[in-house]
Amino acid sequence: TAALQLTAVTKTYKSGTSALKGIDLCVQPGDFFALLGPNGAGKSTSIGIVSSLVKKTSGRVSIFGHDLDTDTDEAKRHLGVVPQEFNFGQFEKVIDIVATQAGYYGIPAKRAYAQAEKYLEQLGLWEKRDQQARLLSGGMKRRLMVARALVHEPRLLILDEPTAGVDIELRRSMWDYLTRLNRQGTTIILTTHYLEEAESLCRNIAILDHGEVVENTDMRSLLAKL
Ligand code: ADP
Ligand code: ADP
């Protein structure tokens, strides 16, 4: 079974914008996959649909064989998502944000905090664990969101523009971290509008443009064509 399968997915926003015009995508377990495309192509909409934040107009989505509409809890259990935008509450502490997320998956508090500590440490946020999240730098917020997405140890991690607006040093360390995670078996999908990012990290790639998949191939073949 595919880690992620989209079948004929469409999205028309209330404004009338047809953001996805029937896309098919299949990402195999263990893959490191890039969804590339210019601004407005439909990348965030696709991720929004997979993470249940955006309601699709039609089509089907399944995660490790579990249909997102009919087998929702099981599908979500296998998925972690790092959104592009995030707002933290006034006084929310770093550790609580990660542990609370674990709670959503039914992980009991003690284990939730242990898991939260594990991922904050991996992402270099151990010393920040008792600070207010909204006071962290942009790069630290981004790493916090990665910890939050991983706390229930999903088999599929999806990141929306993981290095947009972050400095070169964090970009490198984020790339290294994701590469290690993928080697340990986590399937990773990221969106980006930088070909360079996709090139450095990903084995397979789909290019979206105006809500359609215009290319779906392995990185090497794509680069040979350019
Ligand atoms: P990308 O992530 O590739 O930049 P998006 O999925 O954000 O693309 O956007 C795809 C299209 O859908 C764009 O034309 C965008 O303006 C439109 N769009 C995105 N979100 C909304 C929304 N909430 N309401 C109406 N139109 C939207
Ligand atoms: P571009 O405009 O080329 O897509 P930007 O770096 O300007 O790239 O930002 C892309 C998106 O990422 C924007 O929607 C912005 O709000 C968001 N973003 C940028 N920096 C941060 C950050 N430090 N934390 C959270 N979101 C960010």
Low-density loop positions, GluC sites (Glu not before Pro), the range 30-118 - DSSP coil, at most 15 other Cβ in 10 Å: Glu85, Glu92
Backbone N under 20 Å from the Thr1 label point (7 Å along Cα→Cβ), restricted to the range 71-85: 71-81
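So which trypsin sites (Lys or Arg not before Pro) in the range 43-116 pass both tests, a DSSP loop state and at most 15 other Cβ atoms within 10 Å of the Cβ?
Values: sites: Lys43, Lys55, Lys56, Arg60, Lys76, Arg77, Lys93, Lys110, Arg111; in loops: Lys55, Lys56.
Here the sparse-neighbourhood loop sites are Lys55.
Kindly report the accessible area of the chain per residue (heavy atoms of protein chains, probe 1.4 Å, no ligands, DNA or RNA), in Å².
49
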Length gained when the stretch Glu121-Ser18 is fully extended (0.36 nm per residue, less Cα-Cα span): 32.9 nm
Fraction of beta bridges assigned by DSSP in the chain that are antiparallel (%, nearest 5): 55
Semi-axis lengths, Å, the range 1-63, gyration tensor of Cα atoms, sqrt of 5 times eigenvalues: 20, 13, 9
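Within the P(r) computed for the chain, what percentage of the Cα pairs occupies the region above 32 Å? Each step should come with its number before you reach the end.
Values: 4257 of 25425 pairs.
Value for the chain (Cα pairs over 32 Å): 17 percent.
Can you check what the Kirkwood hydrodynamic radius comes to for the range 1-107, Cα pairs only, in Å to one decimal? Intermediate results must be reported in sequence, preceding the final value.
Numbers: mean 1/r = 0.0653 Å⁻¹.
After inverting the pairwise mean of 1/r, the radius is 15.3 Å.
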Anchor Lys93: aspartates and glutamates whose Cα lies under 13 Å away (excluding residues fewer than 8 positions away in-chain): Glu117, Glu127, Asp130
Protein-only accessible surface order, largest first, of His66, His193 at 1.4 Å: His193, His66
For Leu36, solvent-accessible area (1.4 Å; no DNA, RNA or ligand), Å²: 20
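Hey, what number do you get for the chain at 222 nm if only DSSP H runs of n ≥ 4 count, each worth -39500 (n - 2.57), divided across all residues, to the nearest 500? Could the numbers behind the result be given before it?
Details: 8 runs with 82 residues, N = 226.
Calculated at 222 nm, the ellipticity per residue is -10500 deg cm²/dmol.
Here is the link list: Lys55/Lys110; Lys118/Lys141; Lys76/Lys110. Which ones come out longer than 25 Å on Cα distance? Kindly include the intermediate steps, with their values, before the conclusion.
Details: Lys55/Lys110 34 Å; Lys118/Lys141 17 Å; Lys76/Lys110 22 Å.
The answer is Lys55/Lys110.
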Two-site label geometry, Glu153 and Tyr177: point separation in nm, points 7 Å out along Cα→Cβ: 1.9
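The values are calculated or read from the model by the stated rules, or taken from the named source; none is laboratory data. Just so it is clear, the structure is predicted and the values come from calculations on it, not from any experiment. For neighbour counting, all protein chains shown are included, and Cβ atoms are generated from backbone atoms with ideal geometry for every residue, glycine included. Ligands, DNA and RNA are excluded from the accessible area calculation, which covers all protein heavy atoms including side chains. Shrake-Rupley method; radii C 1.70, N 1.55, O 1.52, S 1.80 Å.
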